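K.L.:
Let me begin by handing over the structure; questions about it come next.
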Amino acid sequence: MRRCLELSRWVMVGGILFFLLGATPTPDVQFTDITQAAGIDFKNENSATSNKYLVETMGGGVALLDYDNDGRLDVFFVNGAKIDDPMPDGKAPDKSNEKFWNRFYHQNADGTFTDVTEKAGLTGMSQNYYGMGVAVGDYDNDGFEDIYVTNYGGNTLYHNNGDGTFTDVTKKAGVGAGGWSASAGFFDYDNDGKLDLFVTRYVDWTFKKNGYCGEHRPGYRAYCHPDNYEGVTNILYHNNGDGTFTDVSRKAGIASPNGKGLGVSFADYDGDGFTDIFVANDSVQCFLYHNNGNGTFSEVGLLAGVGYNEDGKAFAGMGADFTDFDNDGNPDVVVTDLSNERYMLFRNNGDGSFRDITNSSGIGSATLSFSGWSAHLFDYDNDGWKDLFVAQGHVMDTIERTAPNLKYMQPPLLLRNESGHFKRVLLGPAFQTDWAGRGAAFGDLDNDGDVDIVISNVGQKAVVLRNDGGSRNHWLGIETIGKKSNRDGIGSRVKVVSASGQTQYFTVNTAVGYLSASDKRLLVGLGSDRTAKLVEIRWPSGILQKFENVNANQVLKATEPNQ
């Protein structure tokens, strides 16, 4: 149980004055900026220009993965490319200068990181795209995590060779896409034991099509709103099991040209055993693709109640998470958007429909002034309730000139989940420092039983936040190893009942937030309980596995039984 200081106070955050009423947690948990100490020196080079090319403000992603199976998480950052000002017609962005390379950091035994980008073959220089996002998954079930990078211009699939290096297998695999891709994720939509790939694409934009938006006076030109461009189709690639994929977008029913997809996340929202897809669209209706179980999907966002907000209006959907926040067993949807819109929280009613509870949950009032990107519901203090973290920053770097009450750079947001209601918490300087936040990935970097955060900021240095104190409560890690199901166990639905009877629900998933990929391992907060009375895993294959009376403060390696 968390102690609180009962007081009220004014706090200045990101140039905005907030009144925190009632409960402000004592600093039992803090997030410490360890970026420099860890040896992470990545800067997202977006190559900002006076022409305000839209691609400049939308990247970039970050991934946490253990690529060499040494038990320690490594970090991959997606970077931009050089853009001329203005960009000549027909010229492509240039990634040849090493400051524009994607970066890959291997974690050493002492918790520091070493840049192994060139050795691993992950610079992105030879592909020469303007980088956006990243997805992670073991698509060939060989026991090593593979990396898929989305870009403006085309995408890249890197096969993990198992010896510390990666090979570009995009052409052979048939997953190059094209246009402007954003978030992507691996999941097994047909439960055949092989990870498929879903790719969101944003808008039909080119450097030539880039218009002039904003006021016609120096310093007031702005990035154009997506309303100025047509939407494009998302892509679903089916894994053929032989190292190749087939584009089944039209056959599967997800090739709608009306979306402007940015974020994506996966969960089985109706409990029918098949994974569904939520896509955050920018200023048009969000999509909820219901998996029909026969290789096709039905888009039910409007009917299910997640397409628009409670006022029937579209919003600038950017990041998304598809997670059960209230411990009722039904995955809910959180979506980030722009200032003055409020981040959306859609509660799953358990009957195939959702209800917008943004305001009643406390998220509405806490987020009205902010713009959010990568977001994740996770239990930062291991008390058994998933809290909400958001990487923040406005899309317009000129916003302060036209709307003085808003800020371009904004602090990260952490909302504490108090039995289903959210309250803002400020845990040290990290949450009072302004950034141009975009991607964020989540995982236990130091294996101490609490979730750490890595943030990628557009045009700025990345930030590594170590969670100090979450492990004061008890916890249980769960690592799924599929046999009949995909080896990662992605899509597995996990139920955990603590010794005191609290029940929590999870979906194994690496695609979280915006442009980013998080650790596949689950971390379950148990509060003061020293055991989990029950751990129940329903694998994508349909196999049900149970563990009883599992001791806390360890990682349970759950291998799918042969049934």
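K.L.:
Take T402 and tell me if it is open to solvent by less than 10 Å² (accessible area, probe 1.4 Å), farther than 20 Å from G61 by Cα and touching a residue at least 40 places away in the same chain (Cβ under 8 Å).
P.N.:
Numbers: open to solvent by less than 10 Å² (accessible area, probe 1.4 Å): no; farther than 20 Å from G61 by Cα: yes; touching a residue at least 40 places away in the same chain (Cβ under 8 Å): yes.
Considered against the rule, which asks whether it is open to solvent by less than 10 Å² (accessible area, probe 1.4 Å), farther than 20 Å from G61 by Cα and touching a residue at least 40 places away in the same chain (Cβ under 8 Å), T402 comes out as no.
K.L.:
Give the range 384-399 a look and list any residue that's part of a loop (DSSP other than H, G, I, E, B), open to solvent by less than 40 Å² (accessible area, probe 1.4 Å) and either of a type in the set (V, I, T) or more than 23 Å from A462 (Cα to Cα) (or both), or say none.
P.N.:
Once the filter is applied, which keeps residues that are part of a loop (DSSP other than H, G, I, E, B), open to solvent by less than 40 Å² (accessible area, probe 1.4 Å) and either of a type in the set (V, I, T) or more than 23 Å from A462 (Cα to Cα) (or both), the range 384-399 yields G384, K386, V395, T398.
K.L.:
Which of the residues that make up the range 406-442 are open to solvent by less than 30 Å² (accessible area, probe 1.4 Å), in contact with a helix residue (DSSP H, G or I) (Cβ under 7 Å, 6 or more places away or on another chain) and in a loop (DSSP other than H, G, I, E, B)?
P.N.:
Result: L406, P411, P412, L426.
K.L.:
Shifting gears a bit: Can you tell me which of Y223, Y212 is at pLDDT 95 or above, touching a strand residue (DSSP E or B) at 6+ places or on another chain (Cβ under 9 Å), crowded, with 18+ Cβ neighbours inside 10 Å and not hydrophobic (A, V, I, L, M, F, W, C)? Break it down into steps so the answer makes sense when it comes.
P.N.:
Details: Y212 fails: crowded, with 18+ Cβ neighbours inside 10 Å.
Result of the check over Y223, Y212: Y223.
K.L.:
For the condition surrounded by fewer than 22 Cβ atoms within 10 Å (Cβ to Cβ), part of a loop (DSSP other than H, G, I, E, B) and in contact with a Gly (Cβ under 8 Å, 6 or more places away or on another chain), what is the one hit in G312, G352, G307?
P.N.:
G307
K.L.:
I'd like the residue in the range 443-493 that is open to solvent by 10 Å² or more (accessible area, probe 1.4 Å) and part of a strand (DSSP E or B) and, out of all such residues, is modelled with the lowest pLDDT.
P.N.:
In this case the residue turns out to be D468.
K.L.:
Looking at the range 98-130 only, could you name the residues that are over 19 Å from A462 (Cα atoms) and either open to solvent by less than 30 Å² (accessible area, probe 1.4 Å) or of a type in the set (D, E, K, R) (or both)?
P.N.:
Selection gives D110, E118, K119, A120.
So that you can scan it fast, the table gives a plain yes or no per residue for (1) assigned to a loop (DSSP other than H, G, I, E, B); (2) open to solvent by 30 Å² or more (accessible area, probe 1.4 Å):
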| site | (1), (2) |
| --- | --- |
| L236 | no, no |
| D242 | yes, yes |
| F266 | no, no |
| D272 | yes, yes |
| N281 | no, no |
| V284 | yes, yes |
| Y289 | no, no |
| L303 | no, yes |
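K.L.:
Within the range 527-549, track down each residue that is out of contact with any Leu (no Cβ under 6 Å at 6 or more places or on another chain), open to solvent by less than 20 Å² (accessible area, probe 1.4 Å) and within 29 Å of G193 (Cα to Cα).
P.N.:
Selection gives V535, I537, W539, P540, I543.
K.L.:
Out of all the residues in the range 237-290, which are in contact (Cβ under 8 Å) with a residue 60 or more places away in the chain, under 20 Å from N191 (Cα atoms) and of a type in the set (V, I, T)?
P.N.:
T244, T246, V264, T275, I277
The values are calculated or read from the model by the stated rules, or taken from the named source; none is laboratory data. Please read all numbers here as calculations on a predicted model, not as lab measurements. Ideal geometry is used to build each Cβ from the backbone, glycine not excepted, and the neighbour counts take in all protein chains shown. Surface areas here come from the heavy atoms of the whole protein model, side chains and all, with no ligands, DNA or RNA. Shrake-Rupley method; radii C 1.70, N 1.55, O 1.52, S 1.80 Å.
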